[in-house]
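A short worksheet on the structure shown next.
The values are calculated or read from the model by the stated rules, or taken from the named source; none is laboratory data. Everything quoted here is computed from the prediction, not taken from an experiment. Don't worry about glycine lacking a Cβ; one is built from the backbone with ideal geometry, like all the others, and counts go over all protein chains shown. Side chains are part of the model used for accessible areas, which takes the heavy atoms of the whole protein and leaves out ligands, DNA and RNA. Shrake-Rupley method; radii C 1.70, N 1.55, O 1.52, S 1.80 Å.
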Amino acid sequence: MKSKPLHIELDKKQEELKSGLDMQDDVVFKQIFIPGYGVSGLFVFVNGTMDYPAFNEIVLDLSAAQVETRHPVSIEQLVISKICSVREQDIETYEKAKEHIFDGKTLLFIDGMVKGYVLNLEKEKNRTFGEPSTERVVRGPKMGFIESLQENIGLIRQYSNHPKLIVKQQKFGTMEKREVALIYYEGKASDSLLNEVNKRINEVKATDLQDSGMLEELIEDTALTPFPQIQNTERPDKVLAALQEGRVVIMVDGSPFALMAPTTITMLLQSPDDYYERWVAGSFLRVLRYLSLFVTVFLSGIYISLVSFNPGLLPSELAMTIAGTRENVPFPPFVEAIIMEVTIELLREAGIRLPSPIGQTVGLVGGVIIGQAAVQANIVSSLMVIIVSITTITSFTVPQYSFGLAFRALRFGAMIFAAVLGLYGTTLFFIIVISHLSKLTSFKEPYFQPMDFIGKKTWKDAFLRLPKRKKGGNSFEPIRRQNS
């Protein structure tokens, strides 16, 4: 069937298409008759993708068509006039016909005409807009993206009607053609960034990409890191803030998550909610997140170091209290911590996979019962249960789920270093993490930018959220580009 031109006879067209699609039982062939012209027509489409009310309207219009006595028109002119609102393009080969059929389009062939018409009668199956499921909104727009690319672009256009908001769409993939949109503000996004993003997307040779997360992994700077180098979000207000900073947004059809590049560590710790509340509350929450990251990664390791290697650094009363809680525990602190941390991670994963009401119950009741039972059975100490509970709670304070997941994984590395080398190992692991973050880039931009720790702008918007009248400019501080 490849590159073979269409036959002029309708019966031969149908026979050729059926022979090429003999294993596709969901492809529908529907013939109609146009009595005024005495010719037949053939609709070909995939069952389940059709907007049937619009389709039936076209069928009725063609079936009832009569030749005008005063100003007669040809059958081709008649057909084009009836399908003009849904007509996309014309085709002349069976290869193109097959491609459009499985793209969800409807084909119309007329007996005696070589070419066929591609009609956009596809009915998209989408859920309605609602609140983002992975990014809870306390105060701000309670609207999240859905799986339709066009609907998501329309939502962004609704939030921003600026004429310099540019949307570029293209298809990629070798088997399933996925549509991807590149969104940016002309004049704000640098040419070097746009060229780099386009280059990486065009180099993607994957056969199937069901979500933007799969594309993210293929276009990031390096795969040898637990840290996400591209920020993702379901929130349109977060996307608009990124666009105003001069960043590029990538959206994939079928995914409710938008990708924003480049990304820095401070952006992953910011939330639009910080700017919807008073600056004191926003600054407090932002500092709390930085503290939570440290607690999530290093609290268990510090406990192991002090109890196993350096108990002399603890006050005497606290050291005796810890020793009392561990009096009948047969395991060393490292094994004790591993047991509880793995148990909590298993409960958390089970809570995500189960239905919402059951998952919440399993997470709460399971954690309380298992912790209490473990203490009573002298498997772990009560202080270890408290420490693991604190690290679990602090890991939820990170706005970006994938970023928090990276630090949850690093917690086990900190525990291993602490079990082998004590406080020296904990300090060494901290230096390794900081060194790795300092070398990391996102689309050739430093991952630690603008964390220079001495710049005035850093403290005004990276670590704190000072009043807007004092800070000025956009609600998010624009990133500084090397090539701009």
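May I ask you to list the residues in the range 164-182 that are within 25 Å of Ile219 (Cα to Cα) and in a loop (DSSP other than H, G, I, E, B)?
Pass one, the range 164-182, residues within 25 Å of Ile219 (Cα to Cα): 165-182.
Of everything in the range 164-182, those that are within 25 Å of Ile219 (Cα to Cα) and in a loop (DSSP other than H, G, I, E, B) turn out to be Gly173, Thr174, Met175, Glu176, Lys177.
When you go through (1) modelled with pLDDT under 90; (2) part of a helix (DSSP H, G or I); (3) open to solvent by 30 Å² or more (accessible area, probe 1.4 Å) one by one for Asn378, which number turns out not to apply?
Failed condition: (2).
Condition check: outside any helix (DSSP H, G or I), open to solvent by 60 Å² or more (accessible area, probe 1.4 Å) and in contact (Cβ under 8 Å) with a residue 60 or more places away in the chain. Does Glu277 satisfy that?
On the way: outside any helix (DSSP H, G or I): yes; open to solvent by 60 Å² or more (accessible area, probe 1.4 Å): yes; in contact (Cβ under 8 Å) with a residue 60 or more places away in the chain: yes.
Yes.
Among the numbered criteria (1) over 15 Å from Val385 (Cα atoms); (2) assigned to a helix (DSSP H, G or I), which single criterion is violated by Ile344?
Only one criterion in (1) over 15 Å from Val385 (Cα atoms); (2) assigned to a helix (DSSP H, G or I) is unmet by Ile344, namely (1).
Which is touching a residue at least 12 places away in the same chain (Cβ under 8 Å) and either in contact with a strand residue (DSSP E or B) (Cβ under 8 Å, 6 or more places away or on another chain) or hydroxyl-bearing (Ser, Thr, Tyr) (or both), of Phe102, Phe129?
Values: Phe129 fails: either in contact with a strand residue (DSSP E or B) (Cβ under 8 Å, 6 or more places away or on another chain) or hydroxyl-bearing (Ser, Thr, Tyr) (or both).
Criteria check complete, one pass: Phe102.
Could you please find all residues in the range 442-463 being crowded, with 16+ Cβ neighbours inside 10 Å and at pLDDT 75 or above?
Those that are crowded, with 16+ Cβ neighbours inside 10 Å and at pLDDT 75 or above: Ser442, Phe443, Glu445, Pro446, Tyr447, Phe448.
Looking at Asn161, Asn152, which one is open to solvent by 20 Å² or more (accessible area, probe 1.4 Å) and either on the phi < 0 side of the Ramachandran plot or not in a loop (DSSP other than H, G, I, E, B) (or both)?
Details: Asn152 fails: open to solvent by 20 Å² or more (accessible area, probe 1.4 Å).
The match here is Asn161.
Within the range 112-149, take every residue that is charged (D, E, K, R) and over 25 Å from Asn56 (Cβ atoms) and give me the one that is most open to solvent (accessible area, probe 1.4 Å). Even if it seems obvious, please write down each step before you answer.
Initially, the range 112-149 is screened for residues charged (D, E, K, R), giving 115, 122-125, 127, 131, 135-136, 139, 142, 147.
From the residues that got through so far, the ones that are over 25 Å from Asn56 (Cβ atoms) too are 127, 131, 135-136, 139, 142, 147.
Details: Arg127: 109, Glu131: 80, Glu135: 21, Arg136: 165, Arg139: 131, Lys142: 106, Glu147: 60 Å².
Per the stated criteria, the residue is Arg136.
Check every one of the strands (runs of 3 or more DSSP E) wholly within the range 184-261 and list those with 1 or more residues that are open to solvent by less than 20 Å² (accessible area, probe 1.4 Å) and not aliphatic (A, V, I, L, M).
Working: elements: 231-233, 248-252, 258-261.
Of the strands (runs of 3 or more DSSP E) lying wholly inside the range 184-261, those with at least 1 residues that are open to solvent by less than 20 Å² (accessible area, probe 1.4 Å) and not aliphatic (A, V, I, L, M) span 231-233.
If only one of Gly413, Gly425, Gly371 is in a helix (DSSP H, G or I), at pLDDT below 80 and either open to solvent by less than 70 Å² (accessible area, probe 1.4 Å) or in contact with a Pro (Cβ under 8 Å, 6 or more places away or on another chain) (or both), which one is it?
Numbers: Gly413 fails: at pLDDT below 80; Gly425 fails: at pLDDT below 80.
Gly371 is the lone residue from the list that is in a helix (DSSP H, G or I), at pLDDT below 80 and either open to solvent by less than 70 Å² (accessible area, probe 1.4 Å) or in contact with a Pro (Cβ under 8 Å, 6 or more places away or on another chain) (or both).
Note down all Cβ pairs under 8 Å where the first residue falls in the range 388-400 and is touching a residue at least 60 places away in the same chain (Cβ under 8 Å) and open to solvent by 10 Å² or more (accessible area, probe 1.4 Å), the second is part of a loop (DSSP other than H, G, I, E, B) and not hydrophobic (A, V, I, L, M, F, W, C), and they're at least six residues apart or on different chains.
Within 8 Å, the pairs are Pro399/Glu135; Pro399/Gln270; Pro399/Ser271.
Given the condition in contact with a helix residue (DSSP H, G or I) (Cβ under 8 Å, 6 or more places away or on another chain), of a type in the set (D, E, K, R) and within 29 Å of Ser442 (Cα to Cα), answer yes or no: does some residue in the range 278-287 qualify?
Yes, the range 278-287 contains a residue that is in contact with a helix residue (DSSP H, G or I) (Cβ under 8 Å, 6 or more places away or on another chain), of a type in the set (D, E, K, R) and within 29 Å of Ser442 (Cα to Cα).
List pairs: first in the range 421-445 and acidic (Asp, Glu), second open to solvent by 60 Å² or more (accessible area, probe 1.4 Å), Cβ under 8 Å, 6+ apart or cross-chain?
Here the result reads Glu445/Gln482, each pair linking the range 421-445 to a residue that is open to solvent by 60 Å² or more (accessible area, probe 1.4 Å).
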